[in-house]
Amino acid sequence: MKLIKLLIVVLLVSSCNTKNHDAIAKKEDYNKFLVANEIRTTSKYFDLWNSKIRPDSMQLTSFGVVGGEYNRYFQQTGDIAFLKKAEKSLKRAVDIANIGKPGFYRALARNYISQHRFKEALQLADSAAAIGGGKSETQSLYFDVHMELGNYPLAEQYLDSLKNMSDFGYMIRLAKWNDYKGDLDTTISFMEKARAKAELSKNKDLMLWSYTNLGDYYGHAGRIEDSYHQFLKALEIDNNNAYAKKGIAWIVFSNDKNAQEAIRILDSVTQTYSAPDYYLLKAEIADHIGDDIVRTKNLDEYFTRVKNTAYGDMYNAYNLGLYIGETKQYDSALILAQQEVENRPTPESYSWLGYSLLKNGDKEQAMKIMDTYVYGKTFEPALLYQAAEVYKANGKEVRVKEIKGELIGAIYELGPGMEKQIHDL
C-alpha cells in the first residue's frame, strides 16, 4: 500500500546523493525538548491592544498589532483559527488605513500565501505596488507569490531587482531560487551566508529560519548529521518548534530506521501543535511498520481535522495523495488536481494532474502533461517518481531508467516505504 508516500513532496523535496548512514539521533540530545509545554496564546501586550478593538473601532495600530500576534500564535500552534483571526484583523486594517496601507496589503498578502490563496495574494501585492512606498518589500512579496504560482521568469526579474548581498531577505530568496534550479551546493552556500548574518545580528527569528531551512537543505544533500544539528540548534532557540522536531523525527525514521521512536517524537509534537499533516506523517510511518492501529487512528484524526472549511486549499496536495494511494478515488483526484492547476500552475500541480490521469486510464494524456510541464522543470524526487510511473506505463524505458537513477539517490528524502517502489520501476 502506498498510503501517502508521495506526499513527502510537501516535507522534503530535492534530488540528492545519499549514502547509508549509521544512526545519528540520540535521545539525550532531544528528549528535553519533547516535554509538552503549554503554548501561550495571549499576553498582556496582546490583551492591551485587543482591548482597544470594538465593533466600530478605528484603532488602526490595534488591528495591525493584533493581526501580527494572531499570526505568531498560528505559527506556534498550527491552529488555523488563529490564521483566520489574523486575516480578519488585517482586512479591517486595510479598510480603515489612510497611512501605511501598502504595509497592511503586504501583511494580508502573506496571510493569504499561508492559506494557499496565491492569486488573491498577487492582487494585494498589486494594490501595494499601485500606492507605492516600501518598494523592496513589495518586490520581495512579488518574488514569493510568483514562485508559488509557478511564474518563474517573473520571479527571477523581481529577484534581480532586489540584489543586495548584505540583505538577509535577498540571500534566502537567492537560496530558494537556486534550489528551484536544482543547484543545491549554491543553495546551501547562500543559506550559510544568511545564517552567519542572522547569528551576527543575534536576531532569534532569523536564526530560527536559517537553522530549520539549512536542516532541510543539508538533508537534501545527504548531510544528515549536519541536518540533525541544525534542527537541534533551532530547538535551543525555540523549545516548542514543531518543524524542527518533525525534522528530527524524519531523521530517526528514514536514516536511523527507528519508526517507533519517530512516532514518539511526533506524538509529543501533536500534543500542542494541531496541523493535520503531522498526523498523516505518523500514519505513513505506522504503515511502514504494519501498525494498523496507529495508522488508522492518525488517518482518522487527519480526516477529522481537514473537514474544517477554514483550511480551504491548504491540504489539496495531501488529499490528492490520499485519493490516489489510500481511498482509490481516482475521479476525485482528477477533479482536485485540475483545481490545483487552476490555483497554482506549478510543476507539482501538473505532476498531480498527470498522475491522476494515469490512474484514470489516460496514460497518453498523462505523458503529454509530464513532457510539457514536469520533466526537466523540477528536481523534486516525489514528482520525478510520479513522472517515472507515467513513462513506465507508456513504455519509455530509457527515460524511466534515467529517472530511477536520480530516485535511488533520494531514498532518504522519499522515505523507506518508497524504496521498493523505486527499485520496481
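The values are calculated or read from the model by the stated rules, or taken from the named source; none is laboratory data. Just so it is clear, the model here is predicted, and its values are computed rather than measured. Neighbour counts run over all protein chains shown; Cβ positions are idealised from the backbone, glycine included.
Within region 61-104, which residues are over 23 Å from the mean Cα position of the chain (by Cα), modelled with pLDDT of 90 or more and of a type in the set (F, W, Y)?
Of everything in region 61-104, just one residue is over 23 Å from the mean Cα position of the chain (by Cα), modelled with pLDDT of 90 or more and of a type in the set (F, W, Y), namely F104.
Of E364, E406, which residue is closer than 27 Å to V252 by Cα and surrounded by fewer than 18 Cβ atoms within 10 Å (Cβ to Cβ)?
Working: E364 fails: closer than 27 Å to V252 by Cα.
None of the other options fit; the residue is E406.
Step by step: first the residues of region 81-96, then only those that are surrounded by 20 or more Cβ atoms within 10 Å (Cβ to Cβ) and touching a Gly at 6+ places or on another chain (Cβ under 9 Å), then the one that is nearest to G312 (Cα to Cα). Which residue is that?
Among those residues, the one meeting the criterion is E87.
With the requirement that a residue be in contact with a helix residue (DSSP H, G or I) (Cβ under 6 Å, 6 or more places away or on another chain), more than 28 Å from A310 (Cα to Cα) and in a helix (DSSP H, G or I), what does region 250-284 give you?
I251, V252, F253, S254, N255, A259, E261, A262
Looking for whichever is touching a residue at least 12 places away in the same chain (Cβ under 8 Å), farther than 20 Å from Y152 by Cβ and assigned to a helix (DSSP H, G or I) here; the options are A107, A121. Which one fits? Outline the logic, then answer.
Details: A121 fails: farther than 20 Å from Y152 by Cβ.
Result of the check over A107, A121: A107.
Give me the pairs, please: first residue somewhere in region 271-283 and closer than 15 Å to V294 by Cβ, second residue anywhere and modelled with pLDDT under 95 and of a type in the set (G, A, S), beta-carbon distance under 8 Å, and either six or more positions apart or on two chains.
Matching pairs, first to second residue: Y278/G78.
Is it fair to say E340 is at pLDDT 95 or above, farther than 30 Å from Y152 by Cα and among the acidic types (D, E)?
Values: at pLDDT 95 or above: yes; farther than 30 Å from Y152 by Cα: no; among the acidic types (D, E): yes.
For E340, the condition - at pLDDT 95 or above, farther than 30 Å from Y152 by Cα and among the acidic types (D, E) - is not met.
Of the residues that make up region 124-134, is at least one in contact (Cβ under 8 Å) with a residue 12 or more places away in the chain, β-branched (V, I, T), in a helix (DSSP H, G or I) and crowded, with 16+ Cβ neighbours inside 10 Å? First the steps, then the outcome.
Residues of region 124-134 in contact (Cβ under 8 Å) with a residue 12 or more places away in the chain: 124-125, 127-129, 131-134.
Keeping just the survivors that are β-branched (V, I, T) gives 131.
Next, only the ones that are in a helix (DSSP H, G or I) stay: 131.
Right, trim to crowded, with 16+ Cβ neighbours inside 10 Å and you get none.
Checked region 124-134: no residue is in contact (Cβ under 8 Å) with a residue 12 or more places away in the chain, β-branched (V, I, T), in a helix (DSSP H, G or I) and crowded, with 16+ Cβ neighbours inside 10 Å.
T138 - would you say it is crowded, with 22+ Cβ neighbours inside 10 Å, of a type outside the set (A, V, I, L, M) and either over 20 Å from the mean Cα position of the chain (by Cα) or on the phi > 0 side of the Ramachandran plot (or both)? Step through it out loud before you land on a result.
Numbers: crowded, with 22+ Cβ neighbours inside 10 Å: yes; of a type outside the set (A, V, I, L, M): yes; either over 20 Å from the mean Cα position of the chain (by Cα) or on the phi > 0 side of the Ramachandran plot (or both): yes.
Spelling it out, T138 is indeed crowded, with 22+ Cβ neighbours inside 10 Å, of a type outside the set (A, V, I, L, M) and either over 20 Å from the mean Cα position of the chain (by Cα) or on the phi > 0 side of the Ramachandran plot (or both).
Can you tell me how many residues within region 308-355 are more than 18 Å from the chain's Cα centre (by Cα), of a type in the set (K, R) and closer than 27 Å to L149 by Cβ?
Residues flagged as more than 18 Å from the chain's Cα centre (by Cα), of a type in the set (K, R) and closer than 27 Å to L149 by Cβ within region 308-355 amount to 0.
(1) surrounded by 16 or more Cβ atoms within 10 Å (Cβ to Cβ); (2) under 30 Å from N111 (Cα atoms): which one isn't true of E342, the others all being true?
The number of the failed condition is (1).
For region 176-193, what are the residues that are among the polar types (S, T, N, Q) and either closer than 21 Å to Y375 by Cβ or surrounded by fewer than 19 Cβ atoms within 10 Å (Cβ to Cβ) (or both)?
Pass one, region 176-193, residues among the polar types (S, T, N, Q): 178, 186-187, 189.
Within region 176-193, N178, T186, S189 qualify.
Would you list the helices (runs of 4 or more DSSP H) that sit entirely within region 153-239 and hold 3 or more residues that are of a type in the set (S, T, N, Q) and either modelled with pLDDT of 95 or more or out of contact with any Lys or Arg (no Cβ under 9 Å at 6 or more places or on another chain) (or both)?
On the way: elements: 168-181, 184-201, 204-220, 224-237.
Answer list for region 153-239: 184-201, 204-220.
Kindly provide the set of residues from region 377-395 that are among the hydroxyl-bearing types (S, T, Y) and either touching a residue at least 40 places away in the same chain (Cβ under 8 Å) or closer than 14 Å to I411 by Cα (or both), ordered by number. Reasoning before the result, please.
Within region 377-395, the first condition is being among the hydroxyl-bearing types (S, T, Y), and the residues that meet it are 378, 385, 391.
Y385 - this is the single residue of region 377-395 that is among the hydroxyl-bearing types (S, T, Y) and either touching a residue at least 40 places away in the same chain (Cβ under 8 Å) or closer than 14 Å to I411 by Cα (or both).
Within region 303-312, how many residues are assigned to a helix (DSSP H, G or I) and in contact (Cβ under 8 Å) with a residue 24 or more places away in the chain?
4
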